[in-house]
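Q: For reference, the structure I am asking about is given below.
The values are calculated or read from the model by the stated rules, or taken from the named source; none is laboratory data. Everything quoted here is computed from the prediction, not taken from an experiment. For neighbour counting, all protein chains shown are included, and Cβ atoms are generated from backbone atoms with ideal geometry for every residue, glycine included.
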Amino acid sequence: MKTILVPTEHHSSMLAALDTALLLAQKFGSCIEGFPLRPGVADLVAMDPDSGLTMVAVKENDAELVRHAEEVFRSFMEQHQVPQRSGEALASLSWTWHKDAPSGHDFVGNYGRVFDVIVLARPGPEWQSTSMITLESALFESGRPVLIAPPSSPRSLATNILIAWNCSTEQARTTAFAMPLLRLAERITICTVEGATVAGPSGEQMARALKLNGITAEPITLKRGKRDSGETMLNKAEELGCDLIVKGAYTQSRLRQMIFGGTTRYVLANAKLPVLMAH
C-alpha cells in the first residue's frame with residue numbers, strides 16, 4: 001500500500017481522514033496524494049445561457065474551494081513533518097498535491113484506479129449526500145479498496161483486525177486487498193454472523209487459507225438475535241478492541257439496502273473505527 005489517494009475538502013471530518021491516511025502511510029512508507037474534491041459546475045447551477053453572472057460566481061466559488069482544500073492538506077502535512085515528494089524518487093513517506101484535478105465526484109473513481117487505496121471520511125446518513133456519492137464513486141468505479149475513516153481520529157490502525165466474513169465474493173475481494181495489513185496485524189478475528197451470509201466458504205475455511213499464507217486468524221460465529229447484523233459486528237469489534245474492520249460492500253444491492261437496510265448501510269452510518277471496504 002505505497003500509494004494513497006485522499007480527496008480533500010474543507011469540512012469537520014477531514015482531519016480524521018488525514019490522520020487515518022497518515023497512520024496507513026507510516027506502516028508502508030507510502031506517498032499520500034491529495035486533490036481538491038468539489039462538485040462539478042452542473043451540480044451547482046442549472047445551465048442557462050442568460051446566467052453569465054451566476055457562472056462567474058460559480059467559478060469563483062470553485063477556485064475558493066480549491067484554495068481551501070490545498071491549505072488543509074498542506075498544513076496537515078507540514079504540521080506532521082511529512083516531506084513533499086521530490087521528482088520521481090522511489091515512494092517513501094511523503095506527500096504530493098494534484099493541483100489540476102477536475103471538479104466532479106466521478107473523478108474519485110476514475111483517478112483512484114492507479115492507487116493502492118483511497119481514504120475517505122465516513123459519509124453522512126443521507127444516501128443522496130455528496131459524501132455518499134463520493135464513496136460510491138470510489139467503491140464502484142475505482143476497482144480499489146476504500147479506507148473509511150471514523151468521525152474521530154483513530155489512535156492506531158490495523159493492529160487488531162476484524163474480518164466481517166459473510167462468505168461473499170465482495171468479502172473475499174476485500175480480504176485479498178487487505179493482505180498487506182493482515183500480514184502486519186497482531187491479532188485477527190474472522191467474524192461471521194448467523195443468518196447474514198451467502199453461499200460460500202466458512203470462516204473456518206477462510207482461516208485455513210490465511211494460515212497457508214502465514215497469517216493466523218481466529219474464526220468466530222455470532223448469534224444476531226433481534227439486532228441488525230451490522231450492529232452485532234460493530235459491537236463485537238468494540239468488545240475485542242479492534243482498530244480496523246475489513247468488510248465487503250453491498251453484497252445486497254444498493255437499492256435493496258436503501259429500502260430495507262443492510263449491514264453495509266449500518267456500518268457506514270455507525271462505525272467508530274476505520275473500515276476497509278471494496279465491492
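Q: When you look at residue 154, is it assigned to a loop (DSSP other than H, G, I, E, B), within 24 Å of residue 238 (Cα to Cα) and modelled with pLDDT of 95 or more, yes or no?
A: Working: assigned to a loop (DSSP other than H, G, I, E, B): yes; within 24 Å of residue 238 (Cα to Cα): yes; modelled with pLDDT of 95 or more: yes.
Yes: the conditions hold for residue 154.
Q: If a residue must be among the basic types (Lys, Arg) and either crowded, with 17+ Cβ neighbours inside 10 Å or within 14 Å of residue 95 (Cβ to Cβ) (or both), how many such residues does the range 58-78 contain?
A: Keep residues of the range 58-78 that are among the basic types (Lys, Arg), which gives 59, 67, 74.
The next check asks that each one be either crowded, with 17+ Cβ neighbours inside 10 Å or within 14 Å of residue 95 (Cβ to Cβ) (or both); those that pass are 74.
The number of residues fulfilling the criteria is 1.
Q: Which condition from (1) in the same structural domain as residue 268 (by TED's automatic domain parsing); (2) surrounded by fewer than 18 Cβ atoms within 10 Å (Cβ to Cβ); (3) closer than 19 Å to residue 272 by Cα is the one that residue 222 breaks?
A: Checking residue 222 against (1) in the same structural domain as residue 268 (by TED's automatic domain parsing); (2) surrounded by fewer than 18 Cβ atoms within 10 Å (Cβ to Cβ); (3) closer than 19 Å to residue 272 by Cα, the one that fails is (3).
Q: Has the range 168-189 got at least one residue that is on the phi > 0 side of the Ramachandran plot, at pLDDT 95 or above and surrounded by fewer than 21 Cβ atoms within 10 Å (Cβ to Cβ)?
A: Residues of the range 168-189 on the phi > 0 side of the Ramachandran plot: none.
No: the range 168-189 contains no residue that is on the phi > 0 side of the Ramachandran plot, at pLDDT 95 or above and surrounded by fewer than 21 Cβ atoms within 10 Å (Cβ to Cβ).
Q: Still on this structure, please answer the following. Anything in the range 75-121 that is farther than 19 Å from residue 40 by Cα, under 21 Å from the mean Cα position of the chain (by Cα) and either assigned to a strand (DSSP E or B) or free of Cβ contacts under 8 Å to residues at least 40 places away in the same chain (or both)? List them, or say none.
A: Answer for the range 75-121, where residues must be farther than 19 Å from residue 40 by Cα, under 21 Å from the mean Cα position of the chain (by Cα) and either assigned to a strand (DSSP E or B) or free of Cβ contacts under 8 Å to residues at least 40 places away in the same chain (or both): 94, 95, 96, 97, 113, 117, 118, 119, 121.
Q: Name the residue that is nearest to residue 26 (Cα to Cα), counting only residues in the range 85-111 that are in contact with a strand residue (DSSP E or B) (Cβ under 6 Å, 6 or more places away or on another chain) and of a type in the set (S, T, N, Q). Quick ask: steps written out before the conclusion?
A: Quick first cut of the range 85-111, residues in contact with a strand residue (DSSP E or B) (Cβ under 6 Å, 6 or more places away or on another chain) only: 85, 91, 94-98, 101, 108.
Within this subset, residues satisfying the condition of being of a type in the set (S, T, N, Q) are 94, 96.
On the way: 94: 10, 96: 15 Å.
Restricting to residues being in contact with a strand residue (DSSP E or B) (Cβ under 6 Å, 6 or more places away or on another chain) and of a type in the set (S, T, N, Q), the top hit is 94.
Q: To continue, here is another question. Name the single residue, out of those in the range 94-106 being modelled with pLDDT of 95 or more and not small (Gly, Ala, Ser), that is surrounded by the most Cβ atoms within 10 Å (Cβ to Cβ).
A: Result: 95.
Q: When only residues in the range 239-257 that are at pLDDT 95 or above and over 19 Å from the mean Cα position of the chain (by Cα) count, which is surrounded by the fewest Cβ atoms within 10 Å (Cβ to Cβ)?
A: 239
Q: Hey, another quick one. For the range 122-142, which positions are outside any helix (DSSP H, G or I), modelled with pLDDT under 95 and among the small types (Gly, Ala, Ser)?
A: 124, 129
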